[in-house]
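Notes follow the structure.
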Amino acid sequence: MILRKQFLEHVGQTSPSPMMIEVERAEGSFFYTPDDKRYFDLVAGVSVSNVGHANPDVIAAMQRQAADYMHVMVYGEMVERPQVEYARSIAELLPGELNCVYFVNSGAEAVEVALKLVKRHTGRTELISMRRAYHGSTHGAMSMMGTPEGEEWKSEFRPLLPDVKSINFNSFEDLKQITERTAGVLCEVVQGEAGVRLPNPEWLKALRERCTEVGALLIFDEIQTGMGRTGEMFACSKYGIEPDVICLAKAFGGGMPLGGVAAKRKVLDSFTHSPCLGHITTFGGHPVCCAAGLAALNYLKNNNIVESVESKGALFESLIKDHDKILEIRRSGLLLAVELGKSEYLYRLMEIFKEEGIMSDWFLYCDTAFRISPPLTISEAEIEECCTIIRRSLDRL
């Protein structure tokens, strides 16, 4: 109780009602409280812990790197093996001609870098995002929250970035608003905080073609969907679309704070001149974080984790979809939105889940559906046990 009291007194809060679950340890698909109550983790830190909690390969890599050196200089000056090896490994997996990674601290910073990059590279100023988009809470990233839905979070912080507008996800007609004035279009391949909204593959293709036609750069936000979450290393690969820029974070750091912006070398080189130091970051690409990210990537590859994602997601869906409280399940790999249709159902279910030992939450723009995005390492037996608890919880509504 003392720790909980101190948490409320001394740790800055994000809402009037934090979850207030005290975490003692975490392992695999679970975390535990001091009294050893076990929770199924169906959030994974919002798609961060893809290789499971306390992954021994990641921990060992971090320990080795921390023993060698940690921070030595601001990003981009020193040749640091973890950065170089991770950038090379990611470049081998990136779609098309993307071959270079600029490391940063977080997803929001990755978005900030991407916005600066497309403006600098094109010499244009207009930025376009999607309605019901979420890209982070820093000034520029918040500016790209879709309007009007994002106004609840944006209005008290205006003025934000000028020359930003929103179009409708999956709208062919709205693509006409991308013009020769547009520096870049920022788009999630799968809209996460809108409640797992999947793209029309033909619309994604048309979006790519329109950006190419007018000379705008296409930025894909793969912060939630990257690193295997959808059943491919990057969600855009499922649809065969090559963007100009990809924003990465969350699982990209293997559980540590790390972000990245991937693009062609010639595009990222825009930051090196006129002016030089177009973006600088002290802790971006921290060697311990890069070591963790690389170890997580190697774990995914060496254990064929990504190849199992689709079947695991399908198993989740098949075991709960017939419950009479569930109206719809929207899914891409192991990213699921389970639609209940009523926010009052959802809020009550969250309390029941806490009692039953399940950690889930809802989506920023969708408070009628709950999230399922567990570690990708979750086993079929764990999925079956978890779905039994989900069904029992739904029965209590």
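The values are calculated or read from the model by the stated rules, or taken from the named source; none is laboratory data. Keep in mind that what you see is a predicted model, and the values were worked out from it rather than measured. Glycine also receives a Cβ, built like all others from the backbone with ideal geometry; neighbour counts cover every protein chain displayed.
Things to note:
- Scanning region 209-243 for residues that are hydroxyl-bearing (Ser, Thr, Tyr) and within 23 Å of LEU268 (Cβ to Cβ) gives THR212, THR225, SER237.
- Index of the failed condition, THR125 passing every other in (1) surrounded by fewer than 17 Cβ atoms within 10 Å (Cβ to Cβ); (2) hydroxyl-bearing (Ser, Thr, Tyr); (3) modelled with pLDDT under 95: (3)
- Leading residue by the ranking (surrounded by the fewest Cβ atoms within 10 Å (Cβ to Cβ)) among those in region 349-393 that are among the hydrophobic types (A, V, I, L, M, F, W, C) and out of contact with any strand residue (DSSP E or B) (no Cβ under 9 Å at 6 or more places or on another chain): ALA381
- Where a residue in region 233-260 is farther than 16 Å from VAL185 by Cα and in contact (Cβ under 8 Å) with a residue 12 or more places away in the chain and its partner, wherever it lies, is part of a helix (DSSP H, G or I) and of a type in the set (S, T, N, Q), with Cβ under 9 Å and at least six apart: LYS250/SER47; ALA251/SER47
- So LYS250, is it surrounded by fewer than 19 Cβ atoms within 10 Å (Cβ to Cβ), of a type in the set (Lys, Arg) and in the same structural domain as LEU207 (by TED's automatic domain parsing): no
- Applying a threshold of 6 Å to beta carbon distances and a minimum spacing of six or more residues, or different chains, the list of pairs starting in region 347-369 at a residue that is touching a residue at least 24 places away in the same chain (Cβ under 8 Å) and in the same structural domain as ILE329 (by TED's automatic domain parsing) and ending at one that is of a type in the set (A, V, I, L, M) and part of a strand (DSSP E or B) reads ALA369/ALA337; ALA369/VAL338.
- Filtered residue count, region 29-61, keeping only those that are more than 30 Å from PHE363 (Cβ to Cβ) and touching a residue at least 12 places away in the same chain (Cβ under 8 Å): 4
- Single residue of LEU42, LEU98 found to be in contact with a strand residue (DSSP E or B) (Cβ under 6 Å, 6 or more places away or on another chain), not charged (D, E, K, R) and not assigned by TED's automatic domain parsing to the domain that holds VAL267: LEU42
The rows are residues; the columns are (1) of a type in the set (Val, Ile, Thr); (2) at pLDDT 95 or above; (3) within 21 Å of the chain's Cα centre (by Cα).
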site: ALA141; (1), (2), (3): no, yes, yes
site: GLY146; (1), (2), (3): no, no, yes
site: GLU151; (1), (2), (3): no, no, no
site: LYS165; (1), (2), (3): no, yes, no
site: PHE172; (1), (2), (3): no, yes, no
site: GLN177; (1), (2), (3): no, yes, no
site: THR182; (1), (2), (3): yes, yes, no
site: CYS187; (1), (2), (3): no, yes, yes
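- Of the strands (runs of 3 or more DSSP E) that lie entirely inside region 62-173, those containing 2 or more residues that are over 24 Å from PRO199 (Cβ atoms) and in contact (Cβ under 8 Å) with a residue 24 or more places away in the chain span 100-104.
- Selection from region 57-99 of residues that are over 15 Å from CYS289 (Cα atoms) and surrounded by fewer than 14 Cβ atoms within 10 Å (Cβ to Cβ): GLU77, MET78, VAL79, ARG88, GLU92, GLY96, GLU97
- VAL43 falls short of the stated requirement of being under 25 Å from the mean Cα position of the chain (by Cα) and surrounded by fewer than 17 Cβ atoms within 10 Å (Cβ to Cβ).
- Qualifying residue in region 69-88 (condition: closer than 29 Å to GLN191 by Cβ, within 20 Å of the chain's Cα centre (by Cα) and not assigned by TED's automatic domain parsing to the domain that holds LEU258): no
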